[in-house]
1. Within segment 77-93, can you find the residues that are open to solvent by 40 Å² or more (accessible area, probe 1.4 Å) and either charged (D, E, K, R) or modelled with pLDDT of 90 or more (or both)?
2. Being open to solvent by less than 50 Å² (accessible area, probe 1.4 Å) and in a helix (DSSP H, G or I) is the filter; apply it to segment 51-63 and report the residue that is farthest from residue 13 (Cα to Cα).
3. Looking at (1) modelled with pLDDT under 70; (2) on the phi < 0 side of the Ramachandran plot, can you tell me which one residue 55 breaks?
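The values are calculated or read from the model by the stated rules, or taken from the named source; none is laboratory data. Just so we're clear, the structure is a prediction, and the values are computed from it rather than from any experiment. In this analysis, Cβ positions are derived from the backbone assuming ideal geometry, glycine residues included, and neighbour counts consider all displayed protein chains. Heavy atoms of the whole protein, side chains included, go into the accessibility calculation; ligands, DNA and RNA do not. Shrake-Rupley method; radii C 1.70, N 1.55, O 1.52, S 1.80 Å.
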Amino acid sequence: AIKQLADVEVLGRKLRLCPAEESLGSRSSGRDSEGEKKTDMIIGGFPSRWSADDLKEFLNGALKVKLSSMLSVDVGEPAGDPPTGAATVTFATAYDAKHASWDLHGQKIA
């Protein structure tokens, strides 16, 4: 999933993705009721002014996975020059995160 979205351009900004464990530590230790491991995806490169609600709105339109599979969106502090946004999105399963990454491949922010 991360390899497919690495360096995808969105409104002139490239997404930078890395495993959540590498950037924020393992926050996905829980398991859902069917035993599938929750999965964190790092999404970066979106406008720094976006809030969690703005990113959720974008993802709701861009993703084909069930909205209930997106458990949380945690937007961090903008970084870089110029500053861009970064967030951790937690999905119910690795399967959902994988399909979300496919849905985001080639997406443009209007």
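1. Initial filter on segment 77-93 (open to solvent by 40 Å² or more (accessible area, probe 1.4 Å)): 77-83.
Listed by number, the residues that qualify are 77, 81.
2. Applying the filter and picking the extreme gives 52.
3. That leaves (1) as the condition not met.
To keep it simple, each residue is scored yes or no on (1) in a helix (DSSP H, G or I); (2) in contact with a Cys (Cβ under 8 Å, 6 or more places away or on another chain); (3) not aliphatic (A, V, I, L, M).
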site	(1), (2), (3)
65	no, no, no
72	no, no, yes
77	no, no, yes
86	no, no, no
89	no, no, no
97	yes, no, no
101	yes, no, yes
106	no, no, yes
